[in-house]
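None of the figures in this text is laboratory data; all of them are computed from the coordinates on show. As the structure is a prediction and not an experimental result, all values here were calculated from the model. Note that each Cβ is placed from the backbone with ideal geometry, even for glycine, and that neighbours are counted across all protein chains shown.
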Amino acid sequence: MILIKECSDGLYLDFILLVLLFFSCSAEESINYKLGIESYEKGKYLTAISYFNQALLEDSVNADIYFQRGNAKFKLDDYSGAIDDYSRAIVLDKKEAKYYLNRGLTFISILKYGEAIGDFDEAARLDSTNSIIYFNRAYTKEQLSDYKGAIQDYTEAIERDSSDSEYFANRGNIFSFLGNSEKAIIDYSKAIEINPSDSIAFMKRGQEYFSINKFELAKNDFKKAIELEPVNIDAYFSSAEAKLGLNDFLAAAADYTIIISMDSTEALAYYNRGICYANLNLKNYACEDFNKAGELGLFEAYQVIKDYCTKKDKVKKVKKR
């Protein structure tokens with residue numbers, strides 16, 4: 001998964017808009033401000049906003065109160081309200097990078113990527129050592145198809161913090177998209193070295209190995225992904241394909257059997273297992289699977305039945321998921 005992050009005081013955002021906010025209580029803290037923070041941390045965002053409103057009545061020029069209220073509004077999907085509050089904070093204090101950073105992330109939420117990059121540029125100018133700023137800007141550039149710029153920013157993030165596996169994984173995703181399997185594998189390998197429990201990184205690296213016909217290495221990565229996430233049907237499909245690349249039809253059939261045990265309506269698993277059985281000269285089992293695949297809506301299985309089960313023609317190849 002590609003993540004978007006913010007500094008330790010702010011919000012984290014990923015592809016599915018998973019958001020985590022953290023606070024620095026550096027503002028002069030009134031009781032209402034403290035209660036607002038406490039309410040926010042308990043997930044009571046409307047209550048937090050009410051307390052921040054009271055705190056602003058006491059101190060209307062405190063930038064951090066606007067910032068915290070903006071965070072609470074963001075959690076309620078009030079993006080225009082959040083942007084307004086972050087903007088007010090910036091008017092009061094133009095030297096605080098986190099204000100630009102959070103506003104930039106909010107712009108991402110409403111798909112205003114150009115505005116987001118402008119904010120990240122300013123945040124980087126104010127805090128050039130913060131790896132998270134470059135990470136977020138890289139993601140934004142990806143959305144604008146500026147892959148060269150995104151790679152450069154991920155590299156900047158890595159140079160400032162080489163301990164975060166997500167930086168390497170995200171850069172690896174771009175290399176993969178651009179067809180550079182060698183560099184993608186290097187980045188996924190580094191991500192795995194940092195976080196050996198990252199099943200997605202194993203899946204991604206396995207797919208890259210598969211794409212360059214290194215089926216044994218691909219099989220090993222998919223096996224590890226399954227160990228880390230045993231109910232991942234996609235991992236079993238990928239594992240089966242790697243085994244087919246090694247002409248290990250029996251092992252591939254076993255993977256498809258596991259898929260069917262997890263989802264008995266998975267037509268493609270029946271179809272591909274039928275292909276495996278056909279290659280193992282288990283015609284009756286193969287034709288049963290082709291029939292089941294057809295019943296489940298994979299209608300081209302009926303052509304295979306016609307060609308293979310009745311005419312004994314050569315069976316067709318497996319289908320990709």
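Within the group Asn281, Asn291, Asn232, which residue is surrounded by fewer than 19 Cβ atoms within 10 Å (Cβ to Cβ) and at positive phi?
Asn281
Residues that are more than 30 Å from Asn195 (Cβ to Cβ): which helices (runs of 4 or more DSSP H) entirely in region 210-321 hold 3 or more of them?
Answer list for region 210-321: 249-262, 267-279, 283-295, 301-304.
Kindly provide the set of residues from region 123-137 that are among the hydroxyl-bearing types (Ser, Thr, Tyr) and in a loop (DSSP other than H, G, I, E, B), ordered by number.
Ser128, Thr129
Tally the residues that are under 21 Å from Lys94 (Cβ atoms) and buried (at least 17 other Cβ atoms within 10 Å of the Cβ), restricting the search to region 53-72.
The total comes to 11.
Filter region 152-184 for residues that are more than 17 Å from the chain's Cα centre (by Cα), among the hydrophobic types (A, V, I, L, M, F, W, C) and either surrounded by 16 or more Cβ atoms within 10 Å (Cβ to Cβ) or under 23 Å from Ser239 (Cβ atoms) (or both) and give the result.
Ala157, Ile158, listed by residue number.
I want to confirm something. Restricting to region 249-278 and keeping residues that are of a type in the set (Val, Ile, Thr) and crowded, with 22+ Cβ neighbours inside 10 Å, which single residue is farthest from the chain's Cα centre (by Cα)?
Within region 249-278, the match that is farthest from the chain's Cα centre (by Cα) is Ile275.
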